[in-house]
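We did not get these values from a lab; they are worked out from the coordinates using the rules stated. Predicted model only: the values in this text are computed from it and were never measured. All Cβ positions, glycine included, derive from the backbone under ideal geometry; neighbour counts span all protein chains shown.
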Amino acid sequence: STKKLWGGRFQEQAAQWVDQFGASISFDQLMADEDIEGSLAHVKMLGHTKILPMADVDQIVAGLNGLREDLHAGKLRFTVENEDIHMNIEALLTERIGPVAGKLHTARSRNDQVATDFHLYLKNRLPQVIDEITTLQKTLVEMAEKNVETIMPGYTHLQHAQPISYGHYLMAYYQMLKRDKERFAFNMKHTDIMPLGAAALAGTTFPIDREYTAKELDFGEVYPNSLDAVSDRDFALEFLSNSSILMMHLSRFCEEISMWVSHEFKYLELSDAYTTGSSIMPQKKNPDMAELIRGKSGRVYGHLIGLLSTMKSLPLAYNKDLQEDKEGTFDTVKTLLPSLKVFNGMLKTAKPNVERMKQATENDFSNATELADYLAAKGIPFREAHGIVGKLVLKGIETHQNLQDMSLEELQAASPKIQEDVYHDLKSEVAVERRHSFGGTGFDQVRLQIKNAKKELGE
Ligand code: ARG
């Protein structure tokens, strides 16, 4: 293998598998843009502070700009011998402009360099994640608006509990995504801090100007402690944690979608564009995309636990273990963005089976609370009312009757307070419509949620 950038004190060459095992270039080349951006800012700062003469700075800047063009044109070739993206770029720069390239690394270490690249990488992706979440929120609001009065069973313990509005259901996910966005926005605060200038771990004797570099790179803050700067990966852990929670939300919805398209439920029909067939069973229409997003939540959780485990026993400051921070984070971005996109398309094109959803609320005793409330409103203590209705339900099960199918005489046998107007209250749409309490499923409340959501989305 070729001579190493750090080869001065070495007499023997690394074993070939050591190069292979230690190299990160296969994956950290994803940060090539960020690495060049960081180097440009750093060398400009070296010129600004007169640590390097402007003539050298100009050469290095021109060389880095040339590399960036070639990178975008797909013309850069990286090698395992040069280990990682940082040394690959430096080696390519040396090829291009000669030994003056060696001045770029003045007052810098790969430790603050890699941390800076990683911060920049995430800083560039967080807005994309937030944008995709916003797109999905808009879809939820749009669909909720169409389904304020779509009645469906609300569940607890996966048992029919009380009827709800499908719009209300959709808006519940809107709220989850709102918190997700807030978490990612907070994540940005800890990502927007620049490690560069911490050097290897202790700072540098050169009169650097970290504020200048931070400004060049558009970082809001500079790490105030050099040890922390090179060893902190909280910003990545927060990203993985926030991503895990987001994927959990999508996964719950996907689980429901998978159930709802089943023969037993038939609440929802997915578009052909978001389903797949079976290679053997001609009738099949499988909710593969919902299943795959549900499945992919697992790998994101894995990346979170992976990095937490990598970090937990690391003494300050930099350790090579930290190189393990990247693949899981990259993969999480690669998982999150398409999951959000596909989920959005799947939901946008899904058709609720309005009739079927409503029917499901009419033979399930999910209006039992309505009858209990009816009696309570007539002065019977709620506990007592609960008992009366419980007995009626038992009777209904025995005689195969729903509450609304029983005659007034039958109902009055349970309580003389029951009058003709009870049948109105027993209708599921009435049960939903009347839930005017703030945040409830009442149509007016769902409309209020939608109105506020649109304000939040700037619509
Ligand atoms: N490839 C390394 C990483 O990803 C870069 C920093 C290496 N620094 C060092 N002193 N070995 O963390």
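What whole-number distance in Å separates the alpha-carbon centres of the stretch 305-322 and the stretch 358-429? Value for the Cα centre distance between the two parts: 61 Å. Net charge in the neighbourhood of Arg294 (other residues with Cβ under 12 Å of its Cβ; Lys, Arg +1, Asp, Glu -1) is -1. Comparing Cα centroids, the stretch 208-242 and the stretch 101-164 end up 21 angstrom apart. Cross-link pairs exceeding 30 Å in C-alpha to C-alpha distance, out of Lys358/Lys417; Lys296/Lys320; Lys215/Lys455; Lys50/Lys312, comprise Lys215/Lys455; Lys50/Lys312. Neighbour counts of C-beta atoms inside 10 Å place Ile293, Ile36, Ile305 in the sequence Ile305, Ile36, Ile293, starting with the fewest. Net charge of the neighbourhood of Cys254, taken over other residues with C-beta under 12 Å away and scored Lys/Arg +1, Asp/Glu -1, is -1. What's the whole-number percent of alpha carbon pairs in the stretch 101-145 lying beyond 18 angstrom? For the stretch 101-145, the share of Cα pairs beyond 18 Å comes to 56 percent. Projected onto their three principal axes, the Cα atoms of the stretch 111-355 cover extents of 75, 38, 32 Å, largest first. Rounded to the nearest whole Hz, the Karplus-based 3J(HN,Hα) values (6.51 cos²θ - 1.76 cosθ + 1.60, θ = phi - 60°) of the stretch 356-367 follow the sequence 5, 4, 5, 3, 5, 9, 10, 9, 10, 6, 6, 9, with x at glycine and proline.
Taking one quarter of the surface of the convex hull spanned by the alpha-carbon atoms of the chain gives a direction-averaged projected area of 30.2 nm².
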